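All of the numbers you see were taken from the coordinates with simple rules; none came from a lab. These numbers come from a predicted model, not from an experiment. In this analysis, Cβ positions are derived from the backbone assuming ideal geometry, glycine residues included, and neighbour counts consider all displayed protein chains.
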Amino acid sequence: MTNLSYIQQHDKAWLTFLEQIDRVSPFLEDLKEHIDILRRPKRVLIVDVPIVMDDGSIRHFEGYRVQHSLTRGPGKGGIRYHPNVDLNEVMALSAWMTIKTAVLNLPFGGAKGGVRVDPKSLSPRELERLTRRYTSEIAHIIGPQKDIPAPDVGTNQNVMGWIMDTYSSGQGHTVTGVVTGKPVHLGGSLGRIKATGRGVYITGCAIAKKINLPILGAKIAVQGLGNVGGEAARLFQEAGAIITSIQDHTGTIHHPEGIDIPKLLDYLQHAAGVAGFEGAQVISNDDFWTTDMDIFIPAALEGQITVERAQNIKAKLILEGANGPTYIEADDILTQRNIIVVPDVVCNSGGVTVSYFEWVQDMASFFWSEEEINQRLDKLMVQVVDDVWNMANQHLCSLRTAAYILACRRILTARKERGVFPG
Ligand code: NAD
């Protein structure tokens with residue numbers, strides 16, 4: 001493992017990525033000589049984002065855009081607004097995007113952006129000003145052929161609309177393909193908002209079938225009932241699974257016979273979180289990790305499955321809806337305990353897949369129906385599960401290592417064939 005001068009020893013997310021790369025290295029044969037390309041981002045941009053607040057004062061926020069790899073195509077990756085965003089996190093998230101686009105064989109590299117801000121503390125006008133100023137600061141490195149942002153935690157389709165509008169103003173014409181996850185009437189794609197949750201469901205069902213775990217009657221615990229966890233929970237319940245426990249930032253709720261997800265999602269339209277929902281009982285956040293479950297879906301933030309939690313969790317199958325939810329030491333424990341983990345780079349890749357469809361539709365100015373989009377998404381996700389499953393059987397390794405082998409071979413083959421300029 002090598003590290004960069006601007007990254008500290010405690011910067012866990014980036015170090016986790018480096019460790020994941022070290023683990024895949026023995027499987028890469030002669031491509032190994034190019035692997036250092038993955039151990040450093042291609043481009044890192046840190047920007048100051050000053051905005052005028054509603055009370056007339058000026059506040060400064062720190063923003064980032066990291067392009068980890070552009071070897072296979074333009075950068076692709078979301079923008080996160082969260083008070084804990086830092087360079088280390090954005091670098092790791094951008095690197096996971098490189099792996100994700102390659103494992104899906106999408107013609108993109110990996111990128112990510114973020115602003116260190118609590119978006120809930122801003123008024124709508126302040127949020128818009130922040131977004132437009134951040135966009136103008138990173139505008140010279142983004143674009144439909146350079147790097148295409150999308151929503152992530154704390155951002156949504158309105159934010160993408162403002163980015164598109166700000167970027168387009170600078171270009172002198174409308175450039176819909178600069179971001180994905182936009183509102184549909186601004187060149188967004190049908191099916192995009194639900195795509196990541198749908199992908200978690202599709203990959204989960206495909207793997208459950210391979211390990212003979214029936215979805216009908218399966219007990220499922222979900223952490224995070226936002227965009228990803230909400231849709232995944234809804235689809236699993238529709239397929240006959242029982243969602244027994246849900247945790248979000250406000251607390252944990254439990255019902256042994258199943259929580260009514262559509263009702264809870266309706267409730268969340270107006271409530272801050274799951275804690276006050278009447279259709280279930282409140283349990284402690286610690287108890288969540290030891291409740292009875294067949295499937296666990298972490299769909300909140302990274303670093304949630306620690307060694308201790310990995311030792312106690314009862315699930316047979318873990319579907320990583322969130323990015324980087326499992327610490328590397330915890331991952332080893334899950335493997336030893338024969339718990340199957342569908343890694344984030346596969347499991348939550350439905351969003352980037354439909355983002356790719358959105359970009360293609362924007363470039364062609366020709367739009368598909370939701371049914372067409374879901375059919376293409378389902379087919380691609382089932383295919384990637386098969387590819388990763390076969391690779392894992394061939395090398396007797398975890399699904400995560402298998403996904404990394406597949407992705408790293410594609411990226412490093414592209415690197416090798418492009419050569420190193422100036423040669
Ligand atoms: P979101 O903001 O819609 O929802 C996040 C959920 O996590 C909320 O329910 C929130 O209450 C919960 N949460 C936050 N902090 C928590 C904590 N400390 N403990 C328990 N729960 C907590 O976000 P999202 O878009 O659903 O994204 C969730 C995860 O999925 C993130 O890791 C994100 O990077 C990843 N992801 C999202 C997409 C996408 O298309 N939205 C695509 C790929 C990956």
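With a ≥ b ≥ c the root eigenvalues of the C-alpha gyration tensor of region 184-276, is it rounded (a/c under 1.5), prolate (a/b larger than b/c) or oblate? List each step's numbers first, then the result.
On the way: a/c = 2.24, a/b = 1.06, b/c = 2.12.
Oblate, because a/c is 1.5 or more while a/b does not exceed b/c.
Built from the Cα atoms of region 314-375, the convex hull projects on average onto 5.5 nm², one quarter of its surface area.
Local charge for GLY321 was computed over the other residues whose Cβ lies under 12 Å away, with Lys and Arg +1 and Asp and Glu -1, and equals -3. DSSP beta bridges confined to region 195-347 are antiparallel in about 30 percent of cases. Against the empirical curve 2.2 N^0.38 Å, the C-alpha radius of gyration of region 195-347 lands at a ratio of 0.94.
Please report the antiparallel percentage of the DSSP beta bridges confined to region 41-174, to the nearest 5.
65
Out of the DSSP beta bridges found with both residues in the chain, what percent are antiparallel (nearest 5)?
Numbers: 24 of 48 bridges.
Just about 50 percent of them are antiparallel.
Among ARG43, ARG337, ARG116, a tally of other beta-carbon atoms within 10 Å of each Cβ gives an order, fewest to most, of ARG337, ARG43, ARG116.
If you wrap the chain's Cα atoms in a convex hull and average its projection over all directions, what's the area in nm²? Write down the numbers at each step before the final one.
On the way: hull surface 82.7 nm².
Taking a quarter of the hull surface, the average projection is 20.7 nm².
Straight Cα distances below 12 angstrom link LYS100 to the aspartates and glutamates ASP344, with same-chain residues fewer than 8 positions distant left out. Between amide H atoms placed 1.01 Å from N, distances below 5 Å from LYS76 occur with GLY109, GLY110, ALA111, ILE148, all of them 5 or more places distant or on a separate chain. Taking the number of Cβ atoms within 10 Å of each Cβ as an exposure proxy, the fewest-first ranking of VAL90, VAL52, VAL153 is VAL52, VAL153, VAL90. Taking Lys and Arg as +1 and Asp and Glu as -1, the other residues whose beta-carbon sits under 13 Å from that of ALA208 total +3. Rg/Rh for region 20-150 to two decimals, with Rh computed the Kirkwood way over all alpha-carbon pairs. Ratio of gyration radius to Kirkwood radius: 1.06. Placing +1 on the Cβ of every Lys and Arg and -1 on the Cβ of every Asp and Glu, with nothing else charged, gives the chain a dipole about its Cα centre of roughly 1100 debye.
Could you list MET53, MET97 so that the one with the fewest beta carbons within 10 Å of its beta carbon is first and the one with the most is last?
Working: MET53 14, MET97 28.
By the 10 Å Cβ count, ascending: MET53, MET97.
When you restrict to C-alpha pairs under 8 Å that are six or more residues apart and normalise by the size of the chain, the relative contact order lands at 16 percent.
PHE61 sits among other residues whose Cβ lies under 13 Å from its own Cβ, and their net charge, with Lys and Arg +1 and Asp and Glu -1, is 0.
Taking chymotrypsin sites (Phe, Trp or Tyr not before Pro) as candidate sites, keep only those in a DSSP loop with at most 14 other Cβ atoms within 10 Å, then name the longest stretch of the chain containing none of them. Counting only loop sites that pass the neighbour cut-off, the longest clear stretch is 7-365. Overall size of region 325-410 from C-alpha positions, given as principal axis extents largest first: 49, 26, 22 Å.
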